[in-house]
Structures are given as C-alpha cells and as structure tokens.
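J.: Before I ask anything, let me first share the structure, which is written out below as structure tokens.
Values quoted throughout were computed directly from the atomic coordinates according to the rules given, and no laboratory measurement underlies them. These numbers come from a predicted model, not from an experiment. Glycine gets a Cβ as well: all are built from the backbone with ideal geometry, and neighbour counts include every protein chain shown.
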Amino acid sequence: MSDEPLPDEHAPRRAGAPLRAESVTAGYGGDPVIRDITVAADPGQVVALVGANGSGKSTLLKSLTGIVRVTGGTVTVGDTDITRWAPEAVARAGVGYVPQVDDVFAPLTVRENLEMGGYLLRPARVAERVDHVVTVFPRLGQMLTRPAGKLSGGERKMLAMGRVLMLEPGVFLLDEPTANLAPAIARTLLAEHVRRLADSGAAVLIVEQRARAVLAIADFAYVLAGGEVRMSGTPARLAADPAFTESFLGGAAPRA
Amino acid sequence: MTAFLSSLGFGLVTASVLAIAATGFTLQFGVTDVLNLAYGAVMTAGAFVAYVLNAAGVSVWIGLVVAMIVCGAGSVLLNACVYAPFQRRGVSPITMVIVSLGMTLIIEFGVQAAAGGTSVSYSMSDGPSLRAGGLDLSVVQLVVIGLSLLVMAGTHVLLRYTRLGKAMRATAANKTLARNCGIRTGRVIAVTWAVTGALCGLAGVVFAMDAGSFGATSTDLFLVLILAAVFLGGPGQAYGAMLGAVIIGVATEVSAAYITPDYKYVIGFVILLVMLGVRPSGLLGARA
C-alpha cells in the first residue's frame, strides 16, 4: 500500500556523487527555456549558477529534479542516468532539492516537515536525523511543534534546508536560498551552511541572485543568459573578466 | 423543551451521518484535488449494495462492511479510469466538476437500472429505545453516533500519528515538494481514494438506515448538506468538516422542529452563505 522505507544499504549517502548535466534542453511544452546546457558539480564543490531573472537558472534546477521535462541531453548522478526520472525517483537517487518558493509544507509542524524529508528512512533513523538536523539548525529545535507557515523567512529557509538534510543526499540543488532574507542572514546561510554541505562531501549546485556573496563561497561558477551558458570559470577568473564584473558585480572591483 | 430535545436527538444522528460523509469528502478533495460531486451517488451505490445483500437475507451490518469495500474499490477505479486521465491532460478544475456531475448521473441511473425506481428499506430491528436526559434514541441511532465518533477519532489518529496520514497531509499541502521528498504521491492519492471511498460507503449505509427508506436519487439533497459542512469548516480541513457537520446537522434538525421541515436544507445553506460572507476560507481554513 504505502511506500516501504528504503533498506539501509540503499539509503542515499553523502559520499561522492558527481552531478553531470550534458547538453540539457528543457522547457514547459512550447519553445525550450534552456538549451544545450552543460554543467557539473563534484563532491566537495559549491558550484554557482548566476544570471539575470529569466535566464533559465531555476528551470535548469527543475529539469535536473524531474519537475520540468528534459527534451534533450542527459543528467547523471555518479554512474546513474536520471534523465527524465520522476521527482520521487530523483530524490531516491540521492538528490536533495530546495525550491525557491513553496519550500516547506506550511500546515505541517516543523517536526512533521523534517519527518517528510526523512520519509524514505526507517522510523528509528528518522528520529536520529531530526536530532542531527536540530544540531545543525538549533533554532529549529525550539520550534518543532510550530506550523511551518508561521515561521519567519530565515527560519523557514533553515527548515527547507533541514528537510533536505534528513536524507543525507550526495547532491544538493539549492534555488536562491537567500532570496528575501536580510543580507546578514543570507551571508551566514551561504558561508556557514551551504559551504559546510560541500565541505562534508556533497556536491552543491546553487542558484543565486547575490552573485558577489555566492562567488565568495563557490569553487566554480556558470553564468547563464537567455537559457544558455555564456561564461564559466572559477570565481577568481570570472572576477578578472570585465565582461562579467560589469554585468554582474555592478562594475565594482570584486572583494575577495 | 421536549420538542427541542427530540429534535436535538435527530440533529445528533443527522450530524453523525454528515460527519462521516463530510470527513471523507473533505479528505478526498484536499488530497486528490478533485471536487468529486459524484460522492453522493457513490453513497447511494453503497446503500444499495447493502440493500441487495440484506434482501438476500444477510445482516445489514455485514452489508455495511461489504458496501465500504465496494465503494473503496469503486472510488479507486473511478479515479483511475475517469478523473486521473482528465487530470493528466491538464483540464481545469471546473471541467473536473462537470465530469463528476456526469459521473453522478451515470452512477445514479446505473443504480436505478439495477434496483428499480421505487424506494426500498433495510429489514432490520431498530432495537429498544433508550432515554437519557430527555433524549430518546434507538440502539441503531446510538450505533450510528458511535460509528461517527470512531471515524472522527480514527481520522485524527491517521492524520496526526501515521506515516501514511502525514504523507496525505504533505501531498495535500504541496504535491511537488512531497515528490521531492521521495513520496510516491500517486500511491498516496490512490490509497486516499480507497479510504475516503470506504467512508463514503459507510456514510451511504448509515444515511439509508437513518432515512428509513431510500431511492437512487435520495442523496442528491444530502450532498448539499455535505458541501455546506465541508465549506463551513474550510475545504480540505478534516476537523473543520467535523465541526461543520455538527453545526449543520443540529441546526437543520432543530430548525425543522421549530420552523418547518421543508426548509431544513435551506437553513443549512443559509448558514454556509453567511459563513462565506464573513470568513470565506471557512471556520478552520487558512486565511488567504
């Protein structure tokens, strides 16, 4: 009837799962929104996707998670081809996705949200993981019985990240986690939490409007425009490219 | 006072039948996103399944269990064969309502073709009457009230404490995010059709017991009360539907005693309209 929990040996593990998108073309049924995009993120790396509104960053993440239909190209996690897999299958393959909006179950309590994040785990393991997530985000521990819809913007984003942490995915896809957050909270989220995900062995692909802030923690970055990759490189190389700094960093000299 | 208490007794029984029906309806709507107006027709089909068995000499209580199974399975099929294919084509919610109206007619005429156009009733004993505090209820009426309390308590336990129930709430709240968590929402939705279909069958049989005699279209007006209870409580809200059922059930029967029984369905809908004017999201619905 209902889904059985994953046997432990099949549970997604943090350890090394490189994400590769090769020549991905995708859209909502009409003209493709993104064309021929190739990006990659290795374990231990934070890879940033930057670009203007409408450049296709969010659509790329949605196509990697199976929400938007991929019409060309391939998506792989490790040796597994997950192209056109349903979202629930992509989650089972060890890919955790935090959408930009609608990122929590608003009527469910904080604890229930985390339990849904750990839906694929054994019940005893769920409790262990909730304890772990609460040590990563102590604030959530003080509000486990509160409905997610009543959280502040920052708390809500912590819950969305915590929900994904439940499964210890090998790949994290984060869609503008700092949107609508105060600058100080945004910097903390990126520097502490997002960077730490990669440092503990996961591959992180992150979409960000705050180009300067995300480049400070990224190992590599792709610049999207018009649904295509326009530039790519390490943050240092991009920062040295006037075409990039004028468009995305307001022409100012980048701070390290 | 006697008139009030006896109407309150009727009201409690009506509220109990309504609570079973409305809990199933609101759960079905909340999780599956289908406003299934054929719910009343499925109730009728359940009532007739129990009748056919009862007429063949089987206890109506066994008929009740069979009706729950048939309506649970039938609702899964109704979704798989009719609603889900339309949803996959991305038709608008209003189109789905029209489809469900069509299914109402198909099911009701199907029942009529099979069972004939006349009203029927179960052969069962109402049991002795019990009086307590001025209320006068038969054993069967008490059993109906008891079943209703059981359904409400069971729904509470399901939604709050079980993995399936939480997955149902997660699916209702945000289906895409539920899938991102690895939840196979297609299965959760199928199980929801089975559970709510069984509740619908249960509601149909106790409705028929309460009504005394019933025909193929007997639940048409009752569907109005179900909708009133569901939207009074806030669509998709299980506790809201229970609360709405008690308010609508008691109010309609008490008003029937004091004004005239002809207006009881009108009273139910007036309560709903006033509510929608004051608080459109319903008593327990989320504020917009």
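J.: Scattering from the C-alpha atoms of the range B:93-220 alone, worked out with Debye: what is log10 I(q)/I(0) at q = 0.09, 0.13, 0.14, 0.19 1/Å?
T.: For the range B:93-220 at q = 0.09, 0.13, 0.14, 0.19 Å⁻¹, log10 I(q)/I(0) is -0.43, -0.81, -0.89, -1.14.
J.: What residue among B:Asn180, B:Asn36, B:Asn54 has the largest mean-square fluctuation in a Gaussian network model of chain B, using Cα springs under 10 Å?
T.: Comparing B:Asn180, B:Asn36, B:Asn54 in a Gaussian network model of chain B, the most mobile one is B:Asn180.
J.: Can you sort A:Tyr222, B:Tyr161 by how many other beta carbons sit within 10 Å, fewest first?
T.: Going from least to most buried by this count: B:Tyr161, A:Tyr222.
J.: Here's something else I'd like to know. With runs of 4+ DSSP H residues as the only contributors, calculate the mean residue ellipticity of chain A at 222 nm using -39,500 (n - 2.57) per run, divided by the residue total and rounded to the nearest 500.
T.: Value at 222 nm, helices only, nearest 500: -8000 deg cm²/dmol.
J.: Let me ask something else about it. Which of rounded, prolate, oblate describes the range B:145-208, given a ≥ b ≥ c as roots of the alpha-carbon gyration tensor eigenvalues and a/c under 1.5 marking rounded, otherwise prolate only if a/b is larger than b/c?
T.: prolate
J.: With just the Cα atoms defining each centre, how far is the range A:171-213 from the range B:135-159? Give it in Å.
T.: 51
J.: Let me ask you something else. If amide hydrogens are placed 1.01 Å from N in the peptide plane, which non-local residues have theirs closer than 5 Å to the one on A:Gly66?
T.: So A:Gly66 has HN proximity to no qualifying residue.
J.: For the protein assembly as shown, what size does the Cα cloud have along each of its three principal axes, sorted from largest down, in whole Å?
T.: That works out to 89, 44, 44 Å along the principal axes.
J.: In deg cm²/dmol, rounded to 500, what helix-only [θ] at 222 nm does chain B give when every DSSP H run of at least 4 residues adds -39500 (n - 2.57) and the total is split over its residues?
T.: Value at 222 nm, helices only, nearest 500: -25000 deg cm²/dmol.
J.: As I understand it, the value is the acute angle between the Cα axis of helix B:163-173 and the longest principal axis of the Cα atoms of chain B; what does it come to in degrees, rounded to 10?
T.: Taking the Cα atoms of chain B, the angle to B:163-173 is about 70 degrees.
J.: Next up: So how do A:Tyr119, A:Tyr28 line up by other beta-carbon neighbours within 10 Å, fewest first?
T.: In order of increasing Cβ crowding within 10 Å: A:Tyr28, A:Tyr119.
J.: In straight Cα distance, which lysines are under 18 Å from B:Lys175, not counting same-chain residues fewer than 8 positions off?
T.: Leaving aside lysines fewer than 8 places away in the same chain, those within reach of B:Lys175 are A:Lys62, B:Lys166.
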